[in-house]
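Enquirer: Have a look at this one.
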Amino acid sequence: MARHLVIVLLLLLGIAVASGLWLQQNLEPQAERLILAELARRGVSDASLHVVQLGIERAEVEAIRLGSEDELRIERVTVDYSAGGLRQRRVDAVRISGIEIRLRLDEQGLSLGSLDSLLASAAVSPASEAAASEAGETAVSPLQLGDLLIEDFRVTLDVPVGTVVVVGRLEFAGGRLHIDARTEPFTAAVNGTEVPIQALEIEMTAEPLEKPMPFQISLRDPVAGVVGRARGHHDLDASAGELSFEFDPLHFEPEGLQPVTLLPLLAPWIQLAEGRLEVRGAVRWKPGDIHTRVEVAFHDFNLKSLAVDLGLLNGAVTLDGPWPLSTPAGQLFSVASVDFGLQLTNGLVRFRLHADGSIELEQGRWGFAGGLIETEGRLNPGQDSELLLRVTNVELSELIALVPLDGLSGEGRLSGQLPVSLRGADVFIENGQLRGSEAGGWLRYRPDDSVDAMGGGNEGFALALSALENFHWTELELTLNGNTRDDSVVTFHIAGANPDYLDGHPVEFNLKLDAKLADLLRKSVVSYEIPAQIQKHLASFGAGQHQDPE
């Protein structure tokens, strides 16, 4: 954009100063006609300007309007030069005030509207100069620029999601470009939703005379105080380049900074965040193509959303773009707890985010009741989803500890599968089954006297309590059905014997229990430590070892 602006200005200045060399004496109207004729020859017929002064050492032009929709407007341009410099096609200094320019950015690239033809003809090559000379025409090429000061500019950029306005100041001196600017708040239209975007303060330095042009950018959100930095290079001839960027660590607090403060687009999904976040990435561009890669590191991050609550999330995730974002396969993070209606704890999750917003759980491993739960499946936003939980070697004693039933104890291991259906805010387990291991185990139920009294003299009830005082089971099967947020049905089938009852005669029990599984599972939270592979990844993130976009 800066290159386009400078080319247009130098073209105008070259025409104006060249006119002054032969007019000599206050013939500004003739100079205006010459400038306008040259602009028309280059495809810009909608133009107006007023030449205020054409002197030996200074020229001034004001009220410049170019383009059918006033794509370029300048209040005043002042040019200082010397006779010796002009012979070398060089001006000493240019001062510009009140410049406004309108651009459009879409899949075709950057455009100045009706001024694109001017830009296409702005650079005059030696071959074209020779051709013009043979035809008896005078080719006017842009002059070399000494110092440039744009006291105040306003750039309006139309992009697919809305209109961005940037205002600021630009200075070019000693081969170095410096820009201080800020964006105005605006509303972006994203997927049919109006999203307010906060203002940003921008500082940029570049060295346009080098090839490719190196540059540095710093960003600051004046509301949240977030600071970001970027550095890279741009090839002016090829309109291609790349940059890498990073932000200072972000500390989210319940009563302080929140993700929606920085990106209101997240408001429908994120309700509350707490923890530390680091963001860095890289961007590469060329005509017709742009690719981004963003890496986000979570440190002890708690997140509450409409769909899921995460506790103590740790890990680094890579996002590819542009929008809609997706991730490569194999993203890895650890989490102390995740609650989506069914709570799992002490997890290590490998996943992939697809461009349609769905999350593919490639592998999830969760500690539960002394054993392991593994998950796989696909979560589709706004749609019903199916997951399969494979349960391995959970300890019966730890399961019993979750049940509010005094006097019950036992030992043994259970494994099985729990098919899970996510339907809106509800989570259903449908015909989930856990079976005891072949090694068997034991079960004891020794209630207090009040439970004995509940039998009311019922002989069957008394016999059952007697058998369960020291029951050695050979078969144990649990069947689970229902909504985990409400009362679910847990059915027990137990077969075995009590060596102290009926001479160890085999006995079978079928029991049914109504329980709120979500509450039981929530009690199973265990101590959590960040796995070594996650710690190593986060350490490399802090050391700045990131990959550029492919």
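Enquirer: At a 10 angstrom cut-off on C-beta neighbours, averaged per residue, how do the peptides 70-76, 146-152 rank from highest to lowest?
Expert: Descending mean neighbour count gives 70-76, 146-152.
Enquirer: Further, regarding this structure: What ranking do 178, 299 get, fewest neighbouring Cβ atoms within 10 angstrom at the top?
Expert: Sorted ascending by nearby Cβ count, the order is 178, 299.
Enquirer: With a point put 7 Å past each Cα toward its Cβ, work out how far residue 470 is from residue 423 in nm, to one decimal.
Expert: For residue 470 paired with residue 423, the spin-label model returns 4.8 nm.
Enquirer: First select every other residue whose beta carbon is under 13 angstrom from the beta carbon of residue 319; then total the charges, Lys and Arg +1, Asp and Glu -1.
Expert: +1
Enquirer: If the chain between residue 239 and residue 508 were fully stretched, how many nm would it gain, using 0.36 nm times the residue separation less the Cα-Cα distance?
Expert: Stretched fully, the residue 239-residue 508 segment lengthens by 88.9 nm.
Enquirer: Arranged from highest to lowest average of other beta-carbon atoms within 10 Å per residue, in what order do the peptides 82-89, 424-431, 495-502 appear?
Expert: Those peptides, ordered most packed to least, come out 495-502, 424-431, 82-89.
Bear in mind that the values in this text are calculations on the coordinates, not laboratory data. Quick caveat: nothing in here was measured; it's all calculated off a predicted structure. Reconstructed Cβ throughout: ideal geometry from the backbone, glycine too, with neighbour counts over all protein chains shown.
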